[in-house]
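*Asks:* The structure that follows is given in the form of structure tokens.
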Amino acid sequence: MSEGINRRALLGQIAAATLAGNIGIAEAQHVHHEAVAQAKTTGVYQPKALTHHEFETLRVLSETIVPGATKGGAAEFVDVLADKNAELLAIYTGGLAWIDLTMKRDHGADFLSAKPEDRARMLDQIAYRRNETPDLAPGVRFFVWARRLTVDAYYSSAAGIKELGFMGNGARKDFTVPQDAIDYAVKRSGL
């Protein structure tokens, strides 16, 4: 990304827009609380829907997508949702299997065992729809889901909300738009 906007800031802005929109933060936080409650009871989160290998693969993938996602419980968030939604579970088990099979085919190791540079190379291919080929299409479609839910999970967790500085919807005495935001919008619009 250019012009002073980095990937993490952009994801944070998208998440902030989500928090301000129709998706209730209370609902998202409820999912986090459910996962945290189990971890406090047992000391370690035990996956509900995913296998141990799928869950660990998802943790590594989530942390790659949004550094800090593990701290925010992103994999736990997805697992709790997948436990309650068979379609979502099928998307994740199928997508994680595709990633492992593709990594084994191309690099001789599953995603967890692969070298970080091999993981990055593969994720760079499936992270952009413009790279979609018949061979990569399942991975590209899965990565869209993984990226969106990882961002939702992290930025609706306590860690993500703290990073955003989100203090909840409330009354404000005044509202001002930062000049750099105005300048950026004007520049992008071509005015």
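*Asks:* Consider only pairs whose beta carbons are under 9 Å apart and that are at least six residues apart or on different chains; among these, list those whose first residue lies in the range 152-171 and is acidic (Asp, Glu) and whose second residue is open to solvent by 60 Å² or more (accessible area, probe 1.4 Å).
*Replies:* Matching pairs, first to second residue: 152/23; 163/8.
*Asks:* Mind checking which residues of the range 95-114 are more than 19 Å from residue 147 (Cβ to Cβ) and part of a helix (DSSP H, G or I)?
*Replies:* Within the range 95-114, 101, 104, 105, 106, 107 meet the criteria.
*Asks:* Continuing with this model, one more query. Taking the condition more than 16 Å from residue 69 (Cβ to Cβ) and surrounded by 14 or more Cβ atoms within 10 Å (Cβ to Cβ), does residue 174 pass?
*Replies:* Answer is no for this residue.
*Asks:* Which one of these does residue 134 not meet: (1) of a type outside the set (Gly, Ala, Ser); (2) within 29 Å of residue 104 (Cβ to Cβ); (3) open to solvent by 80 Å² or more (accessible area, probe 1.4 Å); (4) in a helix (DSSP H, G or I)?
*Replies:* In the conditions (1) of a type outside the set (Gly, Ala, Ser); (2) within 29 Å of residue 104 (Cβ to Cβ); (3) open to solvent by 80 Å² or more (accessible area, probe 1.4 Å); (4) in a helix (DSSP H, G or I), residue 134 misses (4) alone.
*Asks:* Taking residue 76, is it within 19 Å of residue 141 (Cα to Cα), part of a helix (DSSP H, G or I) and of a type outside the set (Gly, Ala, Ser)?
*Replies:* When the stated conditions are applied, residue 76 does not pass them.
Residues are listed down the side, and each one gets a yes or a no for (1) open to solvent by less than 10 Å² (accessible area, probe 1.4 Å); (2) on the phi > 0 side of the Ramachandran plot; (3) in contact with a His (Cβ under 8 Å, 6 or more places away or on another chain); (4) not β-branched (Val, Ile, Thr):
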{"site": "59", "(1), (2), (3), (4)": "no, no, no, yes"}
{"site": "74", "(1), (2), (3), (4)": "yes, no, no, yes"}
{"site": "86", "(1), (2), (3), (4)": "no, no, no, yes"}
{"site": "89", "(1), (2), (3), (4)": "no, no, no, yes"}
{"site": "94", "(1), (2), (3), (4)": "no, no, no, yes"}
{"site": "101", "(1), (2), (3), (4)": "no, no, no, yes"}
{"site": "108", "(1), (2), (3), (4)": "no, yes, no, yes"}
{"site": "111", "(1), (2), (3), (4)": "yes, no, no, yes"}
{"site": "117", "(1), (2), (3), (4)": "no, no, no, yes"}
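*Asks:* Let me ask something else. Which one of 87, 117 is part of a helix (DSSP H, G or I), over 16 Å from residue 55 (Cα atoms) and modelled with pLDDT of 95 or more?
*Replies:* Of the residues listed, the single one that is part of a helix (DSSP H, G or I), over 16 Å from residue 55 (Cα atoms) and modelled with pLDDT of 95 or more is 117.
*Asks:* Sticking with this structure for a sec: Residue 68: touching a Gly at 6+ places or on another chain (Cβ under 6 Å) and either touching a residue at least 40 places away in the same chain (Cβ under 8 Å) or closer than 17 Å to residue 153 by Cα (or both), yes or no?
*Replies:* The answer is no for residue 68.
The values are calculated or read from the model by the stated rules, or taken from the named source; none is laboratory data. What you see is a predicted model; the values in this text were computed from it and never measured. All Cβ positions, glycine included, derive from the backbone under ideal geometry; neighbour counts span all protein chains shown. To get the accessible areas, we keep the full protein, side chains included, count just its heavy atoms, and leave off ligands, DNA and RNA. Shrake-Rupley method; radii C 1.70, N 1.55, O 1.52, S 1.80 Å.
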